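The values are calculated or read from the model by the stated rules, or taken from the named source; none is laboratory data. Keep in mind that what you see is a predicted model, and the values were worked out from it rather than measured. Glycine also receives a Cβ, built like all others from the backbone with ideal geometry; neighbour counts cover every protein chain displayed. Side chains included, ligands, DNA and RNA excluded: accessible areas come from the protein's heavy atoms. Shrake-Rupley method; radii C 1.70, N 1.55, O 1.52, S 1.80 Å.
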Amino acid sequence: EEPCLSNGTKRVGGETLHVLLTDLVKVSNSRDRASRLFQWLLCPVLSKTFFRAHWEKKPLLIRRQNPDYYKGLFSTAEFDRILRNDEVQYGVNLDVTSYANGRRETHNPPGRALPYTVWDFYESGCSLRMLNPQAFSSTVWNVLSILQEIFSSMAGANVYLTPAGTQGFAPHYDDIEAFIVQLEGKKHWRVYNPLSEDEKLPLVPSPNFSQADIGKPIMDVVLEAGDLLYLPRGIIHQGNCLPDAHSLHITISSFQRNSWGDLLLKVMPAALETAMEEDVEFRKGLPIDYLTFMGVQNSDKEDPRRDKFLSHIEGLMKKLVSYAPVDAAVDQKAKEFLHDCLPPLLTPEEKASSVWGAPVRWDDGETVDMAVHIKTQTKIRLLRGGAARLCSDGEAVCLFYTTENSRVYHKDEPKSIEIKVEHTDAVEFLIHTYPEFVPVCSLPCETAEDKVSLAELLFEKGVIHTSEPLMSK
């Protein structure tokens, strides 16, 4: 089998997820961790080949003839355990769907989804879609929280369980990059090109198509356990189960609303605001007679005033570039990403050396280890490379972070701490020195007291951890 290359080392493609995740605990840099995990997901295709040849361009099918390749990521048995033990709500966490005779239906009753009813739906030919398995499965949570650093965009997932001989969804396209990971059984997929140039890399998902709409497939394949199918957004697809096998797959997705256009939606209003404040050309009045030659009712008229008007608009738009606050707009996108993010699933070492493992506690009627403090010699670093970002938020400078996020999408407000202006260099220093541990005394703050108080603030929020667990002296 062709080996997977990552970080200059050979990794055997047959490595199980359990072995890989255990191995990744020893990888110090979270960005390297993400690269390794993504490379395993795609193996034997190299990730750099994937991004060059397939990303946003064309589907990719990886056949493995290894049904256990993705074993441990999720299973029907785990699905059943979650239904029994967790508060799974129809329409929030679980959809019951069917597609027959060209008609797509949702059959969600109100309230909690319990095994008795859910498996009855399944037996009667309905598909089950779990909308946020990461809220219930720590393995899915771990995988997605690592992968989100690859994409700089939220990594989400849906799980689909389909009975033999049925189809749960109509042909459609999505607004995300999708990695369909076959976990159990098999599924027949038909894949189609976008219907027009306008539907390439769409910003929103499509309505349900009829079979007559979509033409002939460009790919007609059966995924078996251990296989992967990547679909760029806008690629139409439909999956159905063969008569002899059920199907369980998980779709890992990312890159929703992450286009140049989405960034420009943030850049342009801010650029205009600045231009109008600073440049009189943008404040000059419109021609008093502009309504007589501009607008739809005048658009077919030959009028030199129209040419002059449009030429002036073009000049102003070119000028607007010099007022574009691109870094500030990127920070707006970054803040949204950090709000979308899953919190990191801590390794035992990260837990022991962070606020979650600090020895301060209540024991036998009194508080214990209250003398545990960060000192100037204590070595610290960010908990994860992508766990925090410094952004200006109006007048204030704030550190936005993911460590207190919920596993449920947007359940909580964005998390941030206001950083004193005199401490911003120190926070930037910590961000740029990751993954190295640096002593608190090396932070570029004016006084030792400032260095320690900043480190303690970041430690309390779970943004940093120490090279060794804090001990009371």
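Whole-Hz Karplus values for region 234-247 come out as x, 7, 6, 8, 8, x, 9, 7, 6, x, 9, 7, 6, 9 Hz, taken residue by residue from phi with 6.51 cos²θ - 1.76 cosθ + 1.60 and θ = phi - 60°; glycine and proline positions read x. Spatial offset of region 448-473 relative to region 142-180 amounts to 38 Å, using the alpha carbon center of each. Accessible surface of F437, taken over heavy atoms with a 1.4 Å probe and every protein chain present, rounds to 60 Å².
So if R0 is 51 Å, what FRET efficiency would A396 and K57 give, r being the distance between their Cβ atoms, rounded to the nearest 0.05? If you can, show how the numbers build up before the last one.
Values: r = 42 Å, r/R0 = 0.81.
Result of the calculation: an efficiency of 0.75.
With each label modelled as a point 7 angstrom along the Cα→C-beta vector, the E460-V221 pair spans 5.2 nm. Bin width 5 Å, origin at 0, all Cα-Cα pairs of region 173-318: what percent of pairs per bin? Calculated P(r), rounded to whole percents: 2, 8, 12, 12, 11, 10, 8, 8, 8, 7, 6, 5, 4, 2, 0. Taking 0.36 nm per residue of separation and subtracting the Cα-Cα distance, full extension of the segment from W356 to E428 would add 23.5 nm.
Taking all protein chains in place and a 1.4 Å probe, what share, in percent, of the accessible surface of the chain do carbon and sulfur account for? Carbon and sulfur together cover 53 percent of it.
A compact globular protein would have a Cα radius of gyration near 2.2 N^0.38 Å; the ratio found for the chain is 1.16.
How would region 370-423 be classified by its alpha-carbon gyration tensor: rounded, prolate or oblate, with rounded meaning a/c under 1.5 and the a/b versus b/c comparison settling the rest? All intermediate terms of the calculation are to be shown ahead of the outcome.
Values: a/c = 2.10, a/b = 1.28, b/c = 1.64.
Oblate.
Of the three principal axes defined by the Cα atoms of region 155-230, the extents in descending order read 36, 31, 19 Å. In region 290-361, inverting the average of 1/r over every pair of distinct C-alpha atoms gives 18.0 Å as the Kirkwood radius.
Calculate, in nm to one decimal, what Y116 and S210 gain on full extension: separation in residues at 0.36 nm each, minus their alpha carbon distance. Write down the numbers at each step before the final one.
Numbers: separation 94, 0.36 × 94 = 33.84 nm, distance 3.32 nm.
In short, 30.5 nm is gained.
Calculate the all-directions average of the projected area of region 314-412's alpha-carbon convex hull, and give it in nm².
Details: hull surface 44.0 nm².
That works out to 11.0 nm², a quarter of the Cα hull's surface.
Skip the ligands, DNA and RNA, and give the accessible area per residue of region 286-328 with a 1.4 Å probe, whole Å².
Working: 3500 Å² over 43 residues.
For region 286-328, the per-residue accessible area is 81 Å².
For D68 and D244, what is the calculated FRET efficiency with R₀ set at 22 Å and r taken between the beta-carbons, to the nearest 0.05?
0.65
Take every Cα pair under 8 Å in the chain that's 6+ residues apart, average their separations, divide by the length, and report that relative contact order as a whole percent. Relative CO of the chain lands at 14 percent. If the chain linking L265 and A77 were pulled fully straight, counting 0.36 nm for each residue of separation and taking away their Cα-Cα distance, it would gain 63.2 nm.
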